[in-house]
Amino acid sequence: MTTDNNAAESIAKKLAQEEEWLLNFEKNIVKSGQIRQGIEKVVDKFDQRLSSLEKNVLPMHISNGKLQKKQHNIQRLINTIDATLQFYGKTSTVESAINNGNPTVDLDPYLENMESLQQAIIFFETHPNYKSQTENMRITLDTGYTMLEKAYKTLLLKHSVNVDPTPFVKNELSPRLNDVKILTDEESIIKIGVWLLKQPRVPHHFLGYYSEIRGAQILKNIKNIAESQKTMQLASRSKLSTVRKPIQRSDKTDILADVDSCHVMCSSLLNLLELEEKLMMKAIPDTSKRAQVFRELVSRPLIYVVLQTQKVVNEKDIGIVPLLPLLHLLSQNSARFHNLATNSIGDVQFDSLMRQLQVKCSSYVNEVIENLNEDTTKFVPPDGNVHPTTASTLNFLSSLTAHRLTVTQHVLALTAPQGTSTNLLLPKLFARILSALGSMLKKKANLYDDPTLATIFLLNNYNYIAKTLADEQDGLLPAITEMNSNILSFYHEEIATCTNEYLKSWNGIASILKSVDRIGEDKQMAKHIMSTFVRDFDQVLAQQTDYCISDPKTSANVQSEVKARIWKNYSLLLDICQRLHVFPQGIKYTENTFEMAIRNLFSSARIN
């Protein structure tokens with residue numbers, strides 16, 4: 001019962017709450033309707049006001065838009081009139097400055113006037129009414145272009161300089177090539193050139209001025225350098241003549257000067273072109289135009305240098321040694337010269353020059369061997385000294401060694417059988433030359449009537465060869481030992497053989513003294529042996545008076561060998577004669593005079 005009552009009370013409370021909520025809701029609906037009615041009235045009034053505003057404002061807005069457009073058109077017309085007046089007023093001043101100005105004096109203002117005139121032309125071209133004025137401006141502009149190109153030419157001629165030939169001749173450029181000035185003032189030239197290249201005007205005549213003037217200046221510098229080189233050589237010879245007998249000018253001296261001149265011209269051309277290319281990078285920034293100008297510029301000096309060198313190579317006969325530095329220079333830079341010749345607008349025969357030079361050097365090498373094998377001259381040094389052919393042949397080998405790579409690749413490889421190792425070409429050549437030299441020396445030795453002098457001759461020549469081979473500065477030995485590792489030992493053995501052969505000339509003197517130990521107290525025997533010794537000793541000294549051993553060390557060694565063969569027994573004979581008083585008037589060869597006689601062997605001094 002209690003539970004039912006509680007449930008009924010709960011339901012009654014909920015009904016009361018919902019009735020209260022429903023009453024509130026109905027009140028809100030009534031209030032909302034009142035608000036809606038108020039809003040509708042406000043909206044109706046707004047619509048009425050908006051319609052009234054549209055009728056009053058829209059015509060004014062349309063009218064204002066038309067006024068603004070008219071104002072804009074008027075302002076643009078005013079601006080056009082102002083610009084026209086400005087350009088028209090300034091143009092006459094600019095044209096006068098261009099026609100009467102001098103760009104070589106006032107370059108920057110001149111370029112500014114040219115740019116102002118260009119802007120004026122662009123402006124008036126949009127107004128057909130000013131067609132006649134525009135044509136006049138174009139004529140003035142063309143005049144300005146012409147004036148600038150003439151100024152460019154004038155400045156090039158004025159500022160191109162003759163370089164100092166001394167560092168080129170003395171080969172002192174490597175560390176300071178960039179210090180050499182080829183233009184005294186390049187700023188104006190660069191400024192005009194760069195400005196003109198930006199203009200649409202074609203053709204660019206000033207580029208032709210550059211190639212013509214700068215090419216002629218390079219050629220002039222090369223000729224000056226070559227002439228200076230010859231002058232320095234002549235001065236050097238004149239200086240030598242003050243301390244020696246006067247040096248007569250000979251054809252060979254002139255040919256040497258010509259070869260040296262070719263060398264200095266070729267090296268100077270490369271250096272001058274390097275400087276020119278650096279200048280052109282700034283003066284002609286456009287790559288294609290710069291390349292074309294360079295092709296034209298390089299033509300004349302390159303043709304001149306190649307033709308002069310060809311003339312010397314083909315017409316002069318001087319031997320391979322003076323040509324090796326030239327061949328070395330050209331072969332080292334053959335790719336550069338080939339590209340210059342190929343790209344030049346002229347017909348440059350550089351490849352032909354290289355071939356002629358290589359063939360001539362190759363023929364000179366073969367000629368050296370032929371001359372040694374076929375030598376029939378009768379000259380031999382009267383004192384048994386080193387034969388001039390020996391010295392010249394060893395100098396020849398030293399020169400080849402100094403330019404080994406060049407000689408191997410550009411001379412010997414020309415005639416080498418296909419597949420031959422180039423590393424052994426020079427050692428094989430040296431072996432052939434030394435063999436031919438040895439055969440020639442033996443033939444020359446047979447020309448002597450005195451066999452002892454012939455031995456001295458061979459001793460001197462073998463010793464000279466051995467010393468030259470052993471000289472590290474010449475670098476001959478490493479090259480030759482690649483083919484024959486025992487070459488130096490061979491010459492030392494030959495020297496020893498010649499020394500022993502020469503010592504046989506003293507065997508007679510030595511045999512006279514063998515009986516010294518049997519003299520005892522026999523004065524007659526002592527006198528006989530001493531007299532015989534002095535007579536034969538004087539004869540040998542007289543026979544060998546003009547003998548020469550050119551190397552002091554070898555000469556001293558041979559003198560020691562001679563003394564060793566004689567002195568021991570002669571000192572005993574000298575003591576016996578002095579003890580027995582065999583020669584009261586004195587003995588010719590005392591210990592001192594004997595020593596002096598031995599020391600004077602192989603010299604011009606004599607014992608009277």
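Brief remarks on what is shown
- Among the residues making up region 338-354, those that are in contact (Cβ under 8 Å) with a residue 24 or more places away in the chain and either open to solvent by 30 Å² or more (accessible area, probe 1.4 Å) or within 13 Å of the chain's Cα centre (by Cα) (or both) are Asn343, Ile345, Asp347, Gln349, Ser352.
- Single match in Asp538, Asp546 (criterion: assigned by the TED database to the domain that holds Leu601, part of a loop (DSSP other than H, G, I, E, B) and more than 12 Å from Cys577 (Cβ to Cβ)): Asp546
- Condition broken by Leu447, with the remaining ones in (1) over 21 Å from Asp551 (Cβ atoms); (2) assigned to a helix (DSSP H, G or I); (3) open to solvent by 10 Å² or more (accessible area, probe 1.4 Å) satisfied: (2)
- Count of residues meeting criterion [open to solvent by 20 Å² or more (accessible area, probe 1.4 Å) and in a helix (DSSP H, G or I)] in region 314-329: 7
- Region 185-239, residues that are of a type in the set (Val, Ile, Thr) and free of Cβ contacts under 8 Å to residues at least 60 places away in the same chain: Val202, Thr231
- Filtering region 476-492 to residues that are under 15 Å from Arg432 (Cβ atoms) and among the polar types (S, T, N, Q) leaves only Asn484.
- Scanning region 539-547 for any residue that is polar (S, T, N, Q), in contact with a Leu (Cβ under 6 Å, 6 or more places away or on another chain) and crowded, with 18+ Cβ neighbours inside 10 Å turns up nothing.
- Within region 368-389, tally of residues that are out of contact with any helix residue (DSSP H, G or I) (no Cβ under 7 Å at 6 or more places or on another chain) and within 11 Å of Ile433 (Cα to Cα): 2
- When the test is whether a residue is under 30 Å from Ile213 (Cα atoms), surrounded by 18 or more Cβ atoms within 10 Å (Cβ to Cβ), at pLDDT 85 or above and not hydroxyl-bearing (Ser, Thr, Tyr), Pro103 passes it.
- Filter pass, Gln229 being among the polar types (S, T, N, Q), crowded, with 16+ Cβ neighbours inside 10 Å, in a helix (DSSP H, G or I) and at pLDDT below 85: no
- Count of region 581-605 residues, restricted to those that are at pLDDT below 85 and more than 30 Å from Asn460 (Cβ to Cβ), is 1.
- Qualifying positions in region 389-420 - among the polar types (S, T, N, Q) and closer than 23 Å to Ser334 by Cβ: Ser399, Thr401, Thr406, Thr408, Gln409, Thr415, Gln418, Thr420
- Condition check for Thr415: open to solvent by 40 Å² or more (accessible area, probe 1.4 Å), β-branched (Val, Ile, Thr) and touching a residue at least 40 places away in the same chain (Cβ under 8 Å): yes
- Those residues of region 479-527 which are modelled with pLDDT under 90, of a type in the set (A, V, I, L, M, F, W, C) and open to solvent by 70 Å² or more (accessible area, probe 1.4 Å), in sequence order: Met483
- Meets criteria (more than 21 Å from Leu477 (Cα to Cα) and open to solvent by less than 10 Å² (accessible area, probe 1.4 Å)) for Gly384: yes
- Close Cβ contacts (under 6 Å, 6 or more residues apart or on different chains) running from residues in region 111-125 that are open to solvent by 80 Å² or more (accessible area, probe 1.4 Å) to residues that are part of a helix (DSSP H, G or I) comprise Glu125/Thr134.
- Residue that is farthest from Gly475 (Cα to Cα) [pool: residues in region 402-412 that are surrounded by fewer than 18 Cβ atoms within 10 Å (Cβ to Cβ) and out of contact with any Ser or Thr (no Cβ under 9 Å at 6 or more places or on another chain)]: Arg404
- For Arg518, the requirement of being among the charged types (D, E, K, R) and touching a Phe, Trp or Tyr at 6+ places or on another chain (Cβ under 8 Å) is not met.
- Against the test of being touching a residue at least 24 places away in the same chain (Cβ under 8 Å) and open to solvent by 40 Å² or more (accessible area, probe 1.4 Å), the options Arg565, Arg535 yield a single qualifying residue, Arg565.
- Qualifying residue in region 364-380 (condition: in contact (Cβ under 8 Å) with a residue 24 or more places away in the chain, β-branched (Val, Ile, Thr), surrounded by fewer than 18 Cβ atoms within 10 Å (Cβ to Cβ) and outside any helix (DSSP H, G or I)): no
The values are calculated or read from the model by the stated rules, or taken from the named source; none is laboratory data. Not measured: the values here are computed from a predicted model. FYI the Cβ positions are ideal-geometry reconstructions off the backbone, even for glycines, and counts take in every protein chain you see. Keep in mind that these areas ignore ligands, DNA and RNA; they rest on the heavy atoms of the full protein, side chains included. Shrake-Rupley method; radii C 1.70, N 1.55, O 1.52, S 1.80 Å.
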